[in-house]
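The values are calculated or read from the model by the stated rules, or taken from the named source; none is laboratory data. On a predicted model such as this, the values are computed, not experimentally measured, just so you know. Here Cβ is always computed from backbone atoms with ideal geometry, including for glycine, and neighbour counts include all displayed protein chains.
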Protein chains: 2
Amino acid sequence: MTVQIRKLSTTQPDFQKQLTNVLAFEEKEDESINTVVANVLADVKNNGDKAVLEYTRRFDRLSVSTGAELEIPEAECEAALASLAPERRLALQAAANRVRKYHERQKLSCGSDGFTFTDEDGTSLGQKVTPLDSVGIYVPGGKAAYPSSVLMNAIPANVAGVSEIVMVVPTPDGARNELVLAAAALSGVTRVFTVGGAQAVGALAYGTETIPSVDKIVGPGNAYVAAAKRRVFGTVGIDMIAGPSEILVICDGTTDPDWVAMDLFSQAEHDEMAQSILISPDAAYLDRVDASIRKLLPTMSRREIITKSLSSRGAMIHVQNMEEACEIANRIAPEHLEISAENPQHWANLIRHAGSIFLGRFTSEALGDYCAGPNHVLPTSRTARFSSPLGVYDFQKRSSLICVSEKGAQTLGEIAVELATGEGLEAHARSAGLRLQK
Amino acid sequence: MTVQIRKLSTTQPDFQKQLTNVLAFEEKEDESINTVVANVLADVKNNGDKAVLEYTRRFDRLSVSTGAELEIPEAECEAALASLAPERRLALQAAANRVRKYHERQKLSCGSDGFTFTDEDGTSLGQKVTPLDSVGIYVPGGKAAYPSSVLMNAIPANVAGVSEIVMVVPTPDGARNELVLAAAALSGVTRVFTVGGAQAVGALAYGTETIPSVDKIVGPGNAYVAAAKRRVFGTVGIDMIAGPSEILVICDGTTDPDWVAMDLFSQAEHDEMAQSILISPDAAYLDRVDASIRKLLPTMSRREIITKSLSSRGAMIHVQNMEEACEIANRIAPEHLEISAENPQHWANLIRHAGSIFLGRFTSEALGDYCAGPNHVLPTSRTARFSSPLGVYDFQKRSSLICVSEKGAQTLGEIAVELATGEGLEAHARSAGLRLQK
């Protein structure tokens, strides 16, 4: 199979329709998954540890007979960190430090201390910001183990001040990933359990004898995990359910085409549904990147996945100018946006919708994925129009504060009586009315 | 039917179990509603105006034949405002002004301008905050029309800087509510359409020839509207799906029992599933409030709803002291929490989870519902453990900014290569590696 990337131009008459086709992605709902997940969740809710142990024996082939056997002690995570090859340990520590530093800035910028102000009647109003009490972090196990995902999910919770951070990670056939445990040790994770799948989500939502219930569950997982998170939403908070990962590269033609080709690969290698799109006003440059793709692709170990991803969901779009490129980026609202151009900030100012914006030719998406500092959990499938990267704010919530003075109760009481009467809510009106001076 | 409120004491051995029973609320999923809604949404997505008009004729009995007939021009909202009785118009304006003032403070506290900082390598990192482009506000129509809901949903969007705010409100049999239209004129609503139900949600999510698609849909509605919002989530953002409304009053025994009884009524009058709970360390005081309830209830026009609500879901809880009352409040994480006590701020400092906290005996919930300033759209059913009042932040989102310098690409590149290799993602490693100086 040779790679064949779709080529579009904004001058073709059906461009908008073609672009819509490129972006179209229908998440298929699998009823059989939904049914399995509903049963697992109900079982965990009703039978606690017993159910969790049974599913863990069945799906992960672990011989466990008590809940306590599911817990990995903190010392084991510390030992995993200490046992890493020094260059890998230092890399993980450096990444953790940078992620922590960025999120500490984010916390400051969020007005974590809330506010209060007092009006002329002596009534004071405010907003109190508090961290969640407890959070569950789901970490996929098995072959595709991503320690960076542990850092990106746990550190913002830790920075927010969440006191209990419970990580769950399946260990099929007992295989534990040292990098994942080491990342937990660096991220402020307080407890670790070797459970996965819908049973792990159920345990975190409802609690069992061994696994504590939490207030919010975050982190990536397979279709069963995603379905379970959807179902427990409301009982606990959840993060966004992510679609396939995407990158949009806007290039003015000044970046080495090999670099851009490899950036497109770095997205495409995730899976066949991942999406890589390149936009440029320079048609000859698009051809040069195409040539780089054909040159480099045979050298990639994951070339089959990359070929399928680029051929089925990739695109190169020729635009009239960089302004038009930015307009299209706003329409696409990509998860990752690379502006690989001279004076990238100039173009970034035109961008309203993107999860993360990578500025300049040295800022490959991979640097952001691992260690630049900002979060790599980002809104996919055009949801950057209305949602944000995972952040400290996802682990905080606000309460309004209202302290009405006796004088304020007169002013406000008259307004409330009038409006409550207009809405036909008598008890509301009388409740405010009782505070009015006779 | 006489009112019979459950009485609990923290000294009874099964108190925790009893409290769990009081709080238990299972939202019943109605499959027939789900099926109807799925069909309506698909029809609106495929057939646009034609479908919306058909459902509007069928469900709201409007004789409309073109999309344009569904729009209420801005001038008509302005005229509705001008036509109100002066005291009602002034009350609505005063409420709108206070809500706007509070939310402007909230915007300031949210770090709306984002941040950037530069590290020692010249790499700059930041966060950009932008408003959503467009928002849809669902407003219920018919008899229970709530202009305060228009203010509370539209003003935060307007303050956030959302440029298109589209209100939909059904007008069964053509009945338009002047207060609702007047509230729209005061809240920065840009367009108004007389559609409701799942068809309105579908129109806002997918867009029709007449009704523009939006990025997020907020506002209360019946079971069909709630089911439709759940289904379009992902295509657009949505606010929380609210459960029944709740109030928790903590009183140290110093507030006039009639006042507290009426505050409990003001929640209970919403509907039979609404929940009113009173906690006090003073057993005699609980009896006095019980007596006030029996005295005042016969005088209430909505006494039947109040009686059912208090009898089926209400409770009075006797505690050992105010500290214990605050602990229980944190467990309940109520939508509305009144601390009707001397030195209320002292107790508020012990509260971690509540949607809105009403401090002191003059701060009846009704004042907050209408005009104190903070939002009245609040997290219900214990979700205040992980979510916040509706606010300006719900109409803004963030994008990360990363601009790696050439020098930074060396430091970060080595870390990324190491970690990407550890995760088996070759293209990620090579994408970072290409930026390393040879």
If you check every pair at least six apart or on different chains, which have Cβ atoms under 8 Å apart with a residue in the range A:359-386 that is more than 7 Å from chain B (Cβ to nearest Cβ) first and a residue that is surrounded by fewer than 24 Cβ atoms within 10 Å (Cβ to Cβ) and of a type in the set (Asp, Glu) second? A:Arg361/A:Asp256; A:Val377/A:Asp239
What number goes with the only condition from (1) within 12 Å of another protein chain (Cβ to nearest Cβ); (2) among the hydroxyl-bearing types (Ser, Thr, Tyr); (3) under 21 Å from B:Arg58 (Cβ atoms) that B:Thr208 does not pass? (1)
Can you tell me which residue within the range A:349-382, out of those that are over 12 Å from B:Gln127 (Cβ atoms) and not in a loop (DSSP other than H, G, I, E, B), is nearest to the chain's Cα centre (by Cα)? A:Asp369
Checking A:Leu419 against (1) at the interface with another protein chain (Cβ under 7 Å from one of its Cβ atoms); (2) of a type outside the set (Asp, Glu); (3) touching a Pro at 6+ places or on another chain (Cβ under 8 Å); (4) more than 16 Å from B:Arg88 (Cα to Cα), the condition it does not meet: (4)
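Go through the range B:115-164 residue by residue and tally those that are of a type in the set (Gly, Ala, Ser), facing chain A (nearest Cβ under 7 Å) and under 30 Å from B:Glu414 (Cβ atoms). If you could, list the steps in order and put the result at the bottom.
Here is the first cut: in the range B:115-164, the residues of a type in the set (Gly, Ala, Ser) are B:122, B:124, B:126, B:134, B:136, B:141-142, B:144-145, B:148-149, B:154, B:157, B:160-161, B:163.
Filter once more, so that each one left must be facing chain A (nearest Cβ under 7 Å): B:148.
Filter again for under 30 Å from B:Glu414 (Cβ atoms), leaving none.
Within the range B:115-164, residues that are of a type in the set (Gly, Ala, Ser), facing chain A (nearest Cβ under 7 Å) and under 30 Å from B:Glu414 (Cβ atoms) number 0.
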What number of residues within the range B:404-433 are over 25 Å from B:Gly126 (Cα atoms), under 43 Å from the mean Cα position of the chain (by Cα) and not charged (D, E, K, R)? 1
When you scan the range A:158-175, do you find a residue that is part of a helix (DSSP H, G or I), more than 30 Å from A:Ala228 (Cα to Cα) and not hydrophobic (A, V, I, L, M, F, W, C), even just one? no
Conditions (1) of a type outside the set (S, T, N, Q); (2) under 30 Å from A:Ser387 (Cβ atoms); (3) part of a loop (DSSP other than H, G, I, E, B); number of the one not met by B:Arg230: (3)
Checked the range B:383-438 for anything in a helix (DSSP H, G or I) and under 30 Å from A:Ser400 (Cβ atoms); matches are B:Thr383, B:Ala384, B:Arg385, B:Val392, B:Tyr393, B:Asp394, B:Phe395
Any hit, the range A:122-142, residues being assigned to a helix (DSSP H, G or I), within 25 Å of A:Pro86 (Cα to Cα) and modelled with pLDDT under 95: no
For A:Tyr393, which of the numbered conditions (1) more than 7 Å from chain B (Cβ to nearest Cβ); (2) more than 42 Å from the chain's Cα centre (by Cα); (3) hydroxyl-bearing (Ser, Thr, Tyr) fails to hold? (2)
Quick one: would you say B:Ile241 is surrounded by fewer than 23 Cβ atoms within 10 Å (Cβ to Cβ), in contact with an Asp or Glu (Cβ under 9 Å, 6 or more places away or on another chain), assigned to a loop (DSSP other than H, G, I, E, B) and of a type outside the set (D, E, K, R)? yes
Would you confirm whether any residue within the range B:398-405 is over 30 Å from A:His336 (Cα atoms), buried (at least 24 other Cβ atoms within 10 Å of the Cβ) and touching a Gly at 6+ places or on another chain (Cβ under 9 Å)? no
Which residue, of B:Ser280, B:Ser301, is surrounded by fewer than 17 Cβ atoms within 10 Å (Cβ to Cβ) and either in the same structural domain as B:Val37 (by TED's automatic domain parsing) or over 23 Å from the mean Cα position of the chain (by Cα) (or both)? B:Ser301
Which of the residues that make up the range A:1-16 are in contact (Cβ under 8 Å) with a residue 12 or more places away in the chain, over 16 Å from A:Ser292 (Cα atoms) and either exposed (fewer than 11 other Cβ atoms within 10 Å of the Cβ) or of a type in the set (D, E, K, R) (or both)? A:Met1, A:Thr11
Subset tally (residues that are free of Cβ contacts under 8 Å to residues at least 12 places away in the same chain, more than 7 Å from every other protein chain (Cβ to nearest Cβ) and not charged (D, E, K, R)) for the range A:422-438: 1
Somewhere in the range A:331-348, is a residue surrounded by fewer than 24 Cβ atoms within 10 Å (Cβ to Cβ), at the interface with chain B (Cβ under 9 Å from one of its Cβ atoms), touching a strand residue (DSSP E or B) at 6+ places or on another chain (Cβ under 9 Å) and part of a loop (DSSP other than H, G, I, E, B)? no
Residues to consider are B:Arg57, B:Arg98; find the one that is more than 30 Å from B:Lys295 (Cα to Cα), within 13 Å of chain A (Cβ to nearest Cβ) and at pLDDT 95 or above. B:Arg98
Condition check for B:Glu406: facing chain A (nearest Cβ under 7 Å), of a type outside the set (Phe, Trp, Tyr) and farther than 16 Å from A:Lys397 by Cβ: yes
Identity of the residue in the range A:239-267, at pLDDT below 95 and more than 9 Å from every other protein chain (Cβ to nearest Cβ), that ends up nearest to B:Ala24 (Cα to Cα): A:Asp239
Report whether or not A:Ala182 is assigned to a helix (DSSP H, G or I), in contact (Cβ under 8 Å) with a residue 60 or more places away in the chain and either under 16 Å from the mean Cα position of the chain (by Cα) or crowded, with 24+ Cβ neighbours inside 10 Å (or both). yes
